[in-house]
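Working notes, beginning with the structure itself.
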Amino acid sequence: MTWLIYTAFSTIIVFLIFYIVYLLKNISFFGENIDNLREEVEEYNIHLKSLYEMEMFHGDETIQGMIEHTTHLTERIKDFEFFYSLLSEQEILDEEEENEHDEPDQPKEAEKEIK
């Protein structure tokens, strides 16, 4: 009877591990896309500002409204980006730990100099 319980728990744990890895991959994907979206919106905002500064459009209220809206949108994206940046910082730390394990022959004094 106990082997049945151990088997069931083991199966559930393995399933949960795969599910967590799947979720982390999705979060990482969304984080990268949000960063790309922020960059594109900032470029669009710069383009709008350059249009607004042209003599033909200087003082146009519609373009001024679009600039304000784009600036607000960029700020909202940065709010979301903060959450995803926490994930990417953890990924960087994990990669650094993997690199340390890959190079065990490197002396500890050299590691201190790098840090």
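The values are calculated or read from the model by the stated rules, or taken from the named source; none is laboratory data. The shown structure was predicted, so the numbers you read here are calculated from the model rather than taken from an experiment. Don't worry about glycine lacking a Cβ; one is built from the backbone with ideal geometry, like all the others, and counts go over all protein chains shown.
What to note about this one:
- Boolean, ILE77 is of a type in the set (Val, Ile, Thr), modelled with pLDDT of 80 or more, closer than 27 Å to GLY31 by Cβ and surrounded by 11 or more Cβ atoms within 10 Å (Cβ to Cβ): yes
- Filtering region 46-60 for residues that are at pLDDT 80 or above, in a helix (DSSP H, G or I) and in contact with a Lys or Arg (Cβ under 8 Å, 6 or more places away or on another chain) leaves an empty set.
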